[in-house]
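The values are calculated or read from the model by the stated rules, or taken from the named source; none is laboratory data. These figures come from a predicted structure and were not determined experimentally. For neighbour counting, all protein chains shown are included, and Cβ atoms are generated from backbone atoms with ideal geometry for every residue, glycine included. Accessible surface is based on the protein model in full, side chains and every heavy atom, while ligands, DNA and RNA are left aside. Shrake-Rupley method; radii C 1.70, N 1.55, O 1.52, S 1.80 Å.
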Amino acid sequence: VYNAAPAWGVTVGDALGVPDPVLTQHLHLHQGQTFSFLGIRVSSPLSLVVNGKRPPGSALAPPRLALSNPSAPP
(Lines give C-alpha, C1' and ligand atoms only; values in the text may rest on other atoms or scores of the structure.)
Protein backbone atom coordinates (compact mmCIF):
# COMPACT_ATOMS: atom_id res chain seq x y z
CA VAL A 1 0.00 0.00 0.00
CA TYR A 2 1.64 3.21 -1.18
CA ASN A 3 2.02 6.01 1.39
CA ALA A 4 1.26 3.68 4.30
CA ALA A 5 3.23 4.04 7.51
CA PRO A 6 5.80 1.26 8.07
CA ALA A 7 3.99 0.09 11.22
CA TRP A 8 0.59 -0.23 9.50
CA GLY A 9 -0.65 -2.89 7.12
CA VAL A 10 -3.26 -5.48 6.32
CA THR A 11 -2.93 -9.20 6.93
CA VAL A 12 -4.18 -12.34 5.24
CA GLY A 13 -7.85 -12.77 6.08
CA ASP A 14 -8.64 -9.05 6.44
CA ALA A 15 -11.67 -7.80 4.50
CA LEU A 16 -10.55 -4.87 2.36
CA GLY A 17 -12.84 -2.29 0.75
CA VAL A 18 -11.25 -0.24 -2.04
CA PRO A 19 -13.32 2.82 -3.00
CA ASP A 20 -12.53 4.52 -6.33
CA PRO A 21 -9.69 2.17 -7.36
CA VAL A 22 -7.51 2.93 -10.38
CA LEU A 23 -6.60 -0.30 -12.18
CA THR A 24 -3.36 -0.23 -14.19
CA GLN A 25 -1.83 -2.93 -16.40
CA HIS A 26 1.95 -3.13 -15.88
CA LEU A 27 4.13 -4.64 -18.59
CA HIS A 28 7.89 -4.89 -18.04
CA LEU A 29 10.60 -6.49 -20.15
CA HIS A 30 13.79 -7.59 -18.39
CA GLN A 31 16.58 -9.76 -19.81
CA GLY A 32 14.30 -11.20 -22.46
CA GLN A 33 11.48 -12.04 -20.05
CA THR A 34 8.10 -10.33 -19.96
CA PHE A 35 6.42 -9.56 -16.64
CA SER A 36 2.78 -8.51 -16.73
CA PHE A 37 0.56 -7.77 -13.73
CA LEU A 38 -2.32 -5.59 -12.61
CA GLY A 39 -1.93 -2.86 -10.00
CA ILE A 40 -4.67 -1.15 -7.99
CA ARG A 41 -4.07 2.36 -6.65
CA VAL A 42 -6.09 4.49 -4.28
CA SER A 43 -5.48 8.10 -3.30
CA SER A 44 -4.52 7.29 0.29
CA PRO A 45 -4.47 4.34 2.68
CA LEU A 46 -6.95 6.37 4.74
CA SER A 47 -9.56 5.91 2.00
CA LEU A 48 -9.52 2.11 2.44
CA VAL A 49 -11.96 0.20 4.64
CA VAL A 50 -10.32 -2.65 6.56
CA ASN A 51 -12.64 -5.06 8.38
CA GLY A 52 -15.44 -2.49 8.22
CA LYS A 53 -13.40 0.41 9.64
CA ARG A 54 -11.28 3.22 8.27
CA PRO A 55 -7.57 3.05 9.20
CA PRO A 56 -6.37 5.47 11.89
CA GLY A 57 -4.54 8.65 10.90
CA SER A 58 -1.30 7.00 11.98
CA ALA A 59 -1.63 4.61 8.99
CA LEU A 60 -0.52 7.42 6.68
CA ALA A 61 3.24 7.77 6.17
CA PRO A 62 4.65 11.16 7.16
CA PRO A 63 5.63 13.46 4.30
CA ARG A 64 9.28 13.63 3.21
CA LEU A 65 10.87 16.51 1.37
CA ALA A 66 13.58 15.66 -1.13
CA LEU A 67 15.55 18.46 -2.78
CA SER A 68 18.03 18.36 -5.60
CA ASN A 69 19.99 21.03 -7.44
CA PRO A 70 21.46 19.63 -10.65
CA SER A 71 23.43 22.84 -11.28
CA ALA A 72 25.23 22.73 -7.90
CA PRO A 73 28.89 21.61 -7.95
CA PRO A 74 29.50 18.10 -6.57
Q) Ordered by residue, what ³J(HN,Hα) values in Hz, to whole numbers, does segment 62-72 give under the Karplus form 6.51 cos²θ - 1.76 cosθ + 1.60, where θ = phi - 60° and Gly and Pro are x? A) x, x, 10, 9, 10, 10, 9, 9, x, 8, 6
Q) With all protein chains present, how much of the accessible area of the chain (probe radius 1.4 Å) comes from carbon and sulfur, to the nearest whole percent? A) 59
Q. Any idea what diffusion coefficient segment 27-70 gets from Stokes-Einstein, in µm²/s, Kirkwood Rh on alpha carbon pairs, 37 °C, 0.692 mPa s?
A. 226
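Mind checking the chain for chymotrypsin sites (Phe, Trp or Tyr not before Pro) that DSSP puts in a loop (not H, G, I, E or B) and that have at most 11 other Cβ atoms within 10 Å?
Y2
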Q. Between V49 and V22, what FRET efficiency comes out of the Förster formula 1/(1 + (r/R0)^6) with R0 = 22 Å and r the beta carbon distance, rounded to 0.05?
A. 0.85
Q: Calculate the all-directions average of the projected area of the chain's alpha-carbon convex hull, and give it in nm².
A: 8.7
**Q.** Estimated vicinal HN-Hα couplings, Hz - segment 10-25 in sequence order (Karplus 6.51, -1.76, 1.60; Gly, Pro = x)
**A.** 10, 10, 4, x, 5, 8, 10, x, 10, x, 6, x, 10, 8, 10, 8
Q. Between T34 and N3, what FRET efficiency comes out of the Förster formula 1/(1 + (r/R0)^6) with R0 = 30 Å and r the beta carbon distance, rounded to 0.05?
A. 0.55
Q. Using modelled amide H (1.01 Å from N, peptide plane; none on Pro or chain starts), what sits under 5 Å from the amide H of V50, excluding residues fewer than 5 places away?
A. G17
Q: For segment 34-51 and segment 1-33, compute the distance between their C-alpha centroids and round to whole Å.
A: 4
Q) In the chain, which trypsin sites (Lys or Arg not before Pro) are in a loop and have at most 16 other Cβ atoms within 10 Å, using DSSP for the loop call? A) R64
Q: Could you list the residues of segment 37-73 with an amide nitrogen less than 20 Å from a label point located 7 Å from the Cα of D14 in the Cα-to-C-beta direction?
A: 39-63
Q) Accessible area per residue of the chain at 1.4 Å probe, in Å²? A) 85
